[in-house]
Amino acid sequence: MSGRTSRDVLNKGVRLMARGIREEPRLFAISFLGACLAGLLTIGSAYVVGAVVARVVVPQLTRGHAEAGVLVVAAVVLVGLSALKVAGIVGRRLGSAYMQMRLQATYRRRVTRRYLELPPAWHHQHATGTLLSNASSDVDATWIPTATLAYAVATVVMLVGALVALLLTDWALALVGVAVFPTLFVIYAVYSRQAAARYDRVQELRGDVSAIAHESFDGALVVKAMGREEHETARFAEKVGELRDTMISIGRLRGVYDPILDSLPSLGTLAVLLVGSWRLQSGAIGVRELISAAFLFALLDMPVRAIGWLLTAMPGAVAGWDRVHRVLTAPGSMVYGTAGLRSRGGAPAHLRFDGVTFAYDADQPVLHEVSFALPAGRAVALVGPTGSGKSTIATLAARLVDPNEGRVTIDRNDLRSLTAASLAETVALVPQVPFVFDDSVRANVSLDRPGIDDERVWWALRMAQADGFVARLSDGLDTMLGERGVILSGGQRQRLTLARALAGRPRLLVLDDATSAVDPLVEAAILASLRANAGTAEGQSLLIIAYRRATISLADEVVYLENGRVLATGTHERLLRTAPGYADLVTAYERAEAERERARADADDAPAGAMVTS
């Protein structure tokens, strides 16, 4: 159990529904007025039916013949009341449906917008599947009660009216209503207390199931290549089974309470008939009052259920809202400044890190007082062993995260002082793992940004050495690439992602090992074209995370990192002479290649039929 009481659920639920009413007051008013109209006509029709039976049907049966005119008038009155009641029901249902759907759509947009506002550091702490669940099933659950909210509120008005009508009719019949209706609410309160923890767990498990499924789908190739299908299936089945069992427990709980709740209005009608018969025999009431009271109880069955539907949906709504609210109020928003930089396509930018310290976890800094400069129009290579902080520097340069200490500046402007638009126009980050949208080549490169026409797209493709394979695709720029660019190789996806960045004419291009899957000769051609373009009026400064010696040697300066600290800076040749760790790192690839070549040569020289043992 979560420790949440039925009063907590009710209080939170009432505040949540009040929020929905404030956000969609017109739609709630339409639904509420329609429900009130239908409800008041329900009470009125009960007394009209009683009057018709007592003054028309019974006398006609007593006389043994029917008067057509009287029956027609009675029928017209009943049909007229029914038509008005139908109009009220239509208004109630349409208003409620529109209110529910609009609130769900509004909060999906708010959750999605909040995801885009939150920095990557926040996203690293939350599974993608859980975030999908927040924006879908949690939002749905939050606003499900609004489907019956207006009906339930109007039902309260109906019940008050019904009790007043019963009191005016007969005190004994009113006592039956006073006994039945509060009993219903007590039973709903007990149900709510027992169901709250289960609904909390259901919403949590839905997020877990979505997270595991998303992770398995993303890693489908790894799962198949490593033969881990059964393991992933078992992992998924475990959570799905727990979700199933929890939902079954809710079903069992409802199986206990629903029959009780369904039977109470019927028992109330029976009680009214018994008490009413006794009162009729004693002469306290007439046939009209008895029939009106019994018919009123029968008609109130469905409206009273509406209150039940609202209360039974409340625990799930509160559980969903708690998860949605955590996203909407999550700390860590990246606030942008008001300063602007040069317009798109200006001269290369000057980047500088001044004493930058950064930590994803406050207890374990990733970078320690990192300082270096990237002059305008130059190329700087970041080199270091795995875990030295190179990718973190790349994300700081693009201001995907902010430093805990120190400053990152472009043209002497702190990145935190720049507008989002200015930063996006100035800096482009190309990550090691490329992302290709399920769209055409043209759309993937241009991203519908203004000023990027086909000529610019082809230029960017040529710079990224991607124009050749794009021209060979079946529909050229119009070729649909499939989900995550499934029809392309890893190197082709990287080149397409690079072209996307270049098409925006950034003044600073950050390459986070962005050509790791590209053939070394193609990579050399790409970097050569970028270096040649850097000296032009529309060129860009280059910050390159690199491992291959050929790539590093193209840089004007190298920044060597270890354990989040800058150990040495200088040209490639200088660091080979003065930094032993750097020399060992950049020559490791050549040594490995040489060893493989020797192994192949030894295998070729071995006598035929010789056995090789490990």
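Placing dummy labels 7 Å off each Cα toward the beta-carbon, the span from Ala179 to Trp278 is 0.8 nm. For Val222 and Glu369, the FRET efficiency from 1/(1 + (r/R0)^6), where r spans their Cβ atoms and R0 equals 30 Å, is about 0.20. At the listed q of 0.09, 0.12 Å⁻¹, the Debye profile of segment 351-601, built from one uniform point per Cα, gives log10 I(q)/I(0) equal to -0.41, -0.72. Dipole magnitude for segment 351-601: about 500 debye, using +1 per Lys or Arg Cβ and -1 per Asp or Glu Cβ, origin at the Cα centre. Farthest towards the positive end of the charge dipole of segment 351-601, among the residues Leu351, Ala424, Gly482, is the Cα of Leu351, using unit charges on the Cβ of Lys, Arg, Asp and Glu.
Scaled to the globular estimate 2.2 N^0.38 Å, the Cα spread of segment 417-496, given as radius of gyration, is 1.13. With neighbours defined as other Cβ atoms within 10 Å of a residue's Cβ, the residues Tyr188, Tyr582 order from fewest to most as Tyr188, Tyr582.
For the pair Asp258 and Asp584, label points projected 7 Å from Cα toward Cβ lie 6.9 nm apart. Here Ser266 and Ala237 are evaluated by their C-beta separation; at R0 = 45 Å the FRET efficiency comes out at 0.60. Taking 0.36 nm per residue of separation and subtracting the current Cα-Cα distance, fully stretching the chain between Asp8 and Asp361 would add 123.6 nm. Cβ crowding within 10 Å, taken as a proxy for footprinting-reagent exposure, orders Phe32, Phe185, Phe469 from fewest neighbours to most as Phe185, Phe469, Phe32.
In what sequence do Asp322, Asp584, Asp414 fall when counting other Cβ within 10 Å, fewest first? Please list the in-between numbers first.
Working: Asp322 18, Asp584 11, Asp414 15.
By the 10 Å Cβ count, ascending, the order reads Asp584, Asp414, Asp322.
Compute the Cα gyration tensor for segment 459-585, then decide on rounded, prolate or oblate, letting a ≥ b ≥ c be the square roots of its eigenvalues: rounded whenever a/c is under 1.5, prolate when a/b is larger than b/c in the other cases, and oblate in all that remain. Show your work: numbers first, answer last.
Details: a/c = 2.53, a/b = 1.92, b/c = 1.32.
Prolate, since a/c reaches 1.5 and a/b exceeds b/c.
Readers should treat all values here as calculations from the given coordinates under stated rules, not as data from a laboratory. What you are looking at is a predicted structure, and each value in this text was computed from that prediction instead of being measured. Neighbour counts are summed over all protein chains in view; Cβ atoms, including those assigned to glycine, are modelled from backbone coordinates with ideal geometry.
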